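The values are calculated or read from the model by the stated rules, or taken from the named source; none is laboratory data. A quick note: this is a predicted structure, and the numbers were derived from the prediction, not measured. Neighbour counts run over all protein chains shown; Cβ positions are idealised from the backbone, glycine included.
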Amino acid sequence: MTLPATVSHTVQQTQEWLKELRDNADLDDEAAALSVLRAVLHQLRDRLTLEEAIEFGAQLPTLLRGIYYEGWRPSRTPERIRSKQKFLDEVLMKLLPRPVPPEQAVRDVFALIAHHCDPGEVSQVIGQLPADIKQLWPETARTYQQRI
């Protein structure tokens, strides 16, 4: 069976993201990378306003966008997570039973997002986060607005 070009393209993009995360985060395989990516994307999504969550979701490859929206309950967002520790605790719960350190997982996924998504959109996402969670993003993503 031949896949339509748009489907092949999103599969290829998703594989690129997962391989990059696998390599940069020193994960065992793409399945582990997908678990980490899903956990962090869901936690980030649930912390954003409805409008920003949707705008950010549009930045993701189509296949990852489906994973991002999986199980989303917009009426329950944004969650009022105000501390880095609470954010990381929620990521850890989503990662179980995988023994992945949540802070490093978040940093690795945020770096992946900053690498692949529009810097202006990433800056808007960062702008909605408390200061200690902002610090988990790469410096270039945090300082984008100051440089333009």
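Worth pointing out:
- Against the numbered list (1) buried (at least 16 other Cβ atoms within 10 Å of the Cβ); (2) closer than 22 Å to residue 33 by Cα; (3) touching a Ser or Thr at 6+ places or on another chain (Cβ under 8 Å), residue 98 comes up short only at (1).
- Positions within the stretch 37-60 being of a type in the set (Val, Ile, Thr) and under 9 Å from the mean Cα position of the chain (by Cα), in sequence order: 40
One line per residue, one yes/no per condition, for (1) surrounded by 13 or more Cβ atoms within 10 Å (Cβ to Cβ); (2) under 20 Å from residue 29 (Cα atoms); (3) of a type outside the set (Val, Ile, Thr):
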{"site": "71", "(1), (2), (3)": "no, no, yes"}
{"site": "89", "(1), (2), (3)": "yes, no, yes"}
{"site": "94", "(1), (2), (3)": "yes, yes, yes"}
{"site": "103", "(1), (2), (3)": "yes, yes, yes"}
{"site": "109", "(1), (2), (3)": "yes, yes, no"}
{"site": "120", "(1), (2), (3)": "no, no, yes"}
{"site": "139", "(1), (2), (3)": "no, no, yes"}
{"site": "144", "(1), (2), (3)": "yes, no, yes"}
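Residues checked against (1) modelled with pLDDT under 95; (2) in contact with a Gly (Cβ under 9 Å, 6 or more places away or on another chain):
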| residue | (1), (2) |
| --- | --- |
| 100 | yes, no |
| 114 | no, no |
| 124 | no, no |
| 148 | yes, yes |
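- For beta carbons closer than 7 Å, sequence separation of 6+ or different chains, a first residue in the stretch 1-21 that is within 18 Å of residue 34 (Cα to Cα) and a second that is exposed (fewer than 14 other Cβ atoms within 10 Å of the Cβ) and not aliphatic (A, V, I, L, M), the qualifying pairs are 10/62.
- Residue count for the stretch 89-148 satisfying the condition of being in a helix (DSSP H, G or I), within 23 Å of residue 77 (Cβ to Cβ) and polar (S, T, N, Q): 2.
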